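Nothing in this text is a laboratory measurement; each read-out follows from the coordinates by a stated rule. Computed from a predicted model, the values in this text were never measured in an experiment. Neighbour counts run over all protein chains shown; Cβ positions are idealised from the backbone, glycine included.
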C-alpha cells in the first residue's frame, strides 16, 4: 500500500498530541480533512507498520495518573507514545519524504513561513536577506517564495497546533533546505518525535 502525503500529516499530528488517545472526528477537524480521509490515511499507516492502533488508544475514562504512567512506559518502547513506530517515522522523514514528496517552488506570495523561516529553526538560522519559503495562504502574514506543503490543509492544521507546525516546518527543511538546515532539522525532529519539546542546540 502506497502512502500519500496527507498520511504523513496525519501521523505527525498524532505524534504532536500532548497526551495519548485520539479519535477520528476531532483529528479530522483540526487537520482540515474529512473523517474518511483520516481513516483511510490511518489504514495505510497501519499497513506500512508506522502505526499500531492497539497501542494508540487509551480510554479517557482511565484516571489521569494511570494515563501518565502508560504514556511514560510507552515513551521507552520502540513503538511508543500513541502507537507510532517513531524510529521508522524518523527514517522515513529524513531519508524518504524529501525524495518521494519533493516540494514545488513558486513565485512571491502571501503565506505561512515554513522550513528555516518557522519555529524552531528560525531561532537558529539567521536571515540572509533572501525571500523566505512560505505555504501559500491568503490568511498568511508573511510574504515569501511559494513552497508547496505536504497537503493542501497544512496551513490550517499548523494554525490549530503549534507542535504540529514545528514538525511540519522541520520536515520542510528536510524536503528543501540547505545542508546545515537539513542537519539541524533532523536533530530537532529526532528529539521532538521522542517527546523532548524543550530541546534546543
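Here each label is just a point 7 Å from Cα along the line to Cβ, and for residue 196 and residue 23 those points are 3.6 nm apart. Once the Cα-Cα distance is subtracted from the 0.36 nm per residue extended length, the residue 87 to residue 35 segment shows a gain of 16.0 nm. The distance separating the Cα centre of the stretch 160-201 from that of the stretch 10-58 comes to 20 Å. For the stretch 102-193, the relative contact order comes to 33 percent (Cα pairs under 8 Å, sequence separation of at least 6).
Per residue, the average separation of C-alpha pairs within less than 8 Å and at least 6 apart gives the chain a relative contact order of 22 percent. Peptides 93-104, 140-151, ordered by how many other C-beta atoms sit within 10 Å of their residues on average, highest first, read 140-151, 93-104. Annotation: extensible slack from residue 179 through residue 130 equals 16.0 nm (criterion: 0.36 nm per residue apart, minus Cα-Cα distance).
Extending 7 Å from the Cα toward the beta-carbon at both residue 53 and residue 159 defines two label points whose distance is 3.2 nm. Directionally averaged projected area (the stretch 102-193, Cα convex hull): 5.4 nm². Going by neighbour counts of Cβ atoms within 10 Å, the residues 33, 108 line up, fewest first, as 108, 33.
At q = 0.08 Å⁻¹, what log₁₀ I(q)/I(0) does a Debye calculation on the Cα points of the chain give, no solvent, two decimals? Log-scaled intensity ratios, in q order: -0.26.
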